[in-house]
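Visitor: I have a structure here, written as structure tokens, and I will follow up with some questions on it.
The values are calculated or read from the model by the stated rules, or taken from the named source; none is laboratory data. What you see is a predicted model, and the numbers here were worked out from it, not measured in a lab. Counting neighbours? That spans all protein chains shown, and the Cβs are built from the backbone with ideal geometry, glycine included.
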Amino acid sequence: MDIHASRSAADWRRADTAHHLHPFTDYKALADEGGSRIITRADGVHLWDSDGRRILDGMAGLWCVNVGYGRRELADVAHRQMLELPYYNTFFKTATIPSVALAEKLSALTPAGLDHVFFANSGSEANDTVVRLVRHYWNLCGKPGKKTFIGRQYGYHGSTMAAVSLSGMAPMHGQADLPLPGFTHVLPPYWYGHGGDMDPEAFGRHAARLLEEKILELGPDSVAAFIGEPIQGAGGVIIPPESYWPEVVRICREHDVLLIADEVICGFGRTGHWFGSDLYGIEPDIMTLAKGITSGYVPLSAVMVGGRVASTLVEDGGEFYHGFTYSGHPLACAVALENIAILERDGLVERTRTDIGPYLQQRLREAFADHPLVGEVRGVGLIAGIELVKDRQRRTFWPGGGKIGQMCRDHCFANDLVMRAVRDTMVLAPPLVITRDEVDDLVERATRAIDATARDLGVM
């Protein structure tokens, strides 16, 4: 069956509007704009739509296509696995060779002590699993009062009920009467937005100590865990001051609070290290992985569990009443293993750290150093944020809760660039295979879009 045959781009858009409810979408606005852009193929760092336009993907899909589009090695592995063993579950004392091999590989790759793996299908499912697992752990430890999870404002951990509750996204909370009981949030290490006149390192310590204040307010005997992304990607690429994470680690250890690192965005080379925890010296008890684990080619996620928690689950836990039909799916695990092999074979993590990541950061800072609409460019490796502000000297923001970012995003689309808007911060996370020439092209298109936005606002 050839689904591409004999249908026009307009026909596909009409069918999409009639039948498809997209994630994170204003359906009426989309219909009023004439429907979706239909993506038909991709290669390297580029996409093509049904009108034949070539688009530079500055977001690697959704922070995930780390090895780039069109990797035949991944398609070949998937094909072989589908012919050999397309599916079997990991329930009922059963495993498959890809699931075991990937568990072993992840245990070697992640920070020391994270030697056990629970597989799921998305970052949301992984973080939802963490809530079940952590509460079960504390019950086994004879501390059933330790139930509360502390996250951060602007934190993003997924879209299930528990994952949204872990997250600090107020608009998501408002739509579904969330967060659930037992979830609370503290200030993030967002120096540009909340640091005032404080030195960044002093602010990093201040933000960490707000976590300690919250633990003491709730009582350490009631706090189960703290969860945080090493860099808050979907929160606007919030880069923590160097002082932040060491203090957070100290606080969690001192108050016997489990530390969960959400590496769904940061993992598999995005920061120039295999994991953001490696960059910041975080020693998590639990780590969640997704996105770059397969470069988005097939759905897969994982929960890495450290020795303290795992030994209790194994020795004292009995049956863990949790899992998914596709936990440890052999096809997904086989693709993940080959994806990791590509990252290793092509040296993409080291290249991101020493070459292409610094080049992107340098080019962005040069391009927007004196731009009247840009208050700050921040980033590390191949993740970056460009903060659009009303007054760069006074660090004041535009009213409207993200309208300027949406305006800029539309100009990006007009320039055939995918650059996401988070509030009024434009964020970038291109594939790790991007070349210097492609970075130059990306920066040129981003400059055109931000210049056009500044002209719309009358500030340029």
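Visitor: Do we find that Ile386 is within 19 Å of Ile265 (Cα to Cα) and either over 16 Å from the mean Cα position of the chain (by Cα) or surrounded by 19 or more Cβ atoms within 10 Å (Cβ to Cβ) (or both) in this structure?
Guide: Here the answer is yes, as Ile386 does meet what is asked.
Visitor: Which ones in the stretch 132-149 are in a loop (DSSP other than H, G, I, E, B) and under 17 Å from Ala163 (Cβ atoms)?
Guide: Lys147
Visitor: May I ask you to list the residues in the stretch 25-57 that are β-branched (Val, Ile, Thr) and touching a Leu at 6+ places or on another chain (Cβ under 8 Å)?
Guide: Ile39, Val45, Ile55
Visitor: Check Ala103 against each of (1) outside any helix (DSSP H, G or I); (2) assigned by TED's automatic domain parsing to the domain that holds Lys214 and name the one condition it does not meet.
Guide: Result: Ala103 passes all but (1).
Visitor: Taking Ala334 as the residue in question, decide whether it is surrounded by fewer than 18 Cβ atoms within 10 Å (Cβ to Cβ), of a type outside the set (D, E, K, R) and over 19 Å from the mean Cα position of the chain (by Cα).
Guide: No.
Visitor: Within the group Ser327, Ser311, which residue is within 30 Å of Ala95 (Cβ to Cβ), among the polar types (S, T, N, Q), out of contact with any Leu (no Cβ under 6 Å at 6 or more places or on another chain) and in a loop (DSSP other than H, G, I, E, B)?
Guide: Every option except Ser327 fails the conditions.
For every residue, the table says whether it meets (1) within 18 Å of the chain's Cα centre (by Cα); (2) buried (at least 23 other Cβ atoms within 10 Å of the Cβ); (3) over 30 Å from Glu73 (Cβ atoms).
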{"residue": "Ile251", "(1), (2), (3)": "no, no, yes"}
{"residue": "Ile265", "(1), (2), (3)": "yes, yes, no"}
{"residue": "Leu279", "(1), (2), (3)": "yes, no, no"}
{"residue": "Glu283", "(1), (2), (3)": "no, no, yes"}
{"residue": "Leu313", "(1), (2), (3)": "no, no, yes"}
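Visitor: Follow-up. Are there any pairs, at least 6 apart or on different chains, whose C-beta atoms fall under 9 Å, with the first in the stretch 114-140 and crowded, with 24+ Cβ neighbours inside 10 Å and the second assigned to a helix (DSSP H, G or I) and of a type in the set (Asp, Glu), and if so, which?
Guide: From the stretch 114-140, the pairs are Ala120/Asp128.
Visitor: Inside the stretch 155-186, can you point out the residues that are in a loop (DSSP other than H, G, I, E, B), within 22 Å of Leu216 (Cα to Cα) and among the hydroxyl-bearing types (Ser, Thr, Tyr)?
Guide: Ser167
Visitor: How many of the residues making up the stretch 100-118 are more than 15 Å from Gly306 (Cβ to Cβ) and touching a Leu at 6+ places or on another chain (Cβ under 7 Å)?
Guide: Counting residues in the stretch 100-118 that are more than 15 Å from Gly306 (Cβ to Cβ) and touching a Leu at 6+ places or on another chain (Cβ under 7 Å) gives 3.
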